[in-house]
1. Just wondering, is there one or more residues in the stretch 15-23 that are of a type in the set (D, E), out of contact with any strand residue (DSSP E or B) (no Cβ under 7 Å at 6 or more places or on another chain) and within 16 Å of A76 (Cβ to Cβ)?
2. Within the stretch 2-36, count every residue that is under 23 Å from V145 (Cα atoms) and surrounded by 14 or more Cβ atoms within 10 Å (Cβ to Cβ).
3. Any residue in the stretch 7-24 that is of a type in the set (A, V, I, L, M, F, W, C) sitting within a Cβ distance under 8 Å of a residue that is open to solvent by 10 Å² or more (accessible area, probe 1.4 Å) and in a helix (DSSP H, G or I)? List the pairs, counting only those 6 or more apart or interchain.
4. Any chance you could count how many residues in the stretch 37-53 are in a helix (DSSP H, G or I) and either loosely packed, with under 15 Cβ neighbours inside 10 Å or in contact with an Asp or Glu (Cβ under 8 Å, 6 or more places away or on another chain) (or both)?
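The values are calculated or read from the model by the stated rules, or taken from the named source; none is laboratory data. Just so it is clear, the model here is predicted, and its values are computed rather than measured. We place every Cβ from the backbone using ideal geometry, glycine too, and count neighbours over all the protein chains shown. Just the protein is used for accessible areas: all its heavy atoms, side chains included, with ligands, DNA and RNA removed. Shrake-Rupley method; radii C 1.70, N 1.55, O 1.52, S 1.80 Å.
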Amino acid sequence: MADLGLTAKEVEEVERTWGIVSQNLKHHGINLFMALFTEYPKYKEYFKRFAGIATEDLPKTAALKAHASTFMHGMASFVDSIDEKETLVRIIHDAVGRHHKRKIGAEQFRNTLNLVLPYLTDALGSELTPDGASGWKKVLDTLVVVIEAETKRLGSE
């Protein structure tokens, strides 16, 4: 995997803004998944636990709260490892492997991760500096590249 190419200021800003988000991971995770299901309604079908539940009712369910928390803790592990490339790659590979079994591939990961920066921009407002935004873009772009390579290796796409 290539170096993430983050400047020291971008690393600092990614970590600082994640610190803000991490104060309420479940809330932000639920909001991200609601954005995902709004943008890609068919993605709800990947979640058997959500069957028969109206999308607008999902934020109240334990199933979405649990998955949103799990997703955000995964994101936390990515942020915590941005300076440890081998660890970051291993974490990504593990996540891809878990999702591969449920036929969730690179496209679904890419589309989900492409919602993160717009979400952070809205959620953080002026707290997201230009260095923070460019740092997040580099992190998310790197995640997508590694996910696509691992998905291809697993034979999904």
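1. Yes - at least one qualifying residue is present in the stretch 15-23.
2. Looking only at that region, the number is 16.
3. W18/A76; I20/L124; I20/E127; V21/H28; V21/A123; V21/L124
4. Of the residues in the stretch 37-53, 8 are in a helix (DSSP H, G or I) and either loosely packed, with under 15 Cβ neighbours inside 10 Å or in contact with an Asp or Glu (Cβ under 8 Å, 6 or more places away or on another chain) (or both).
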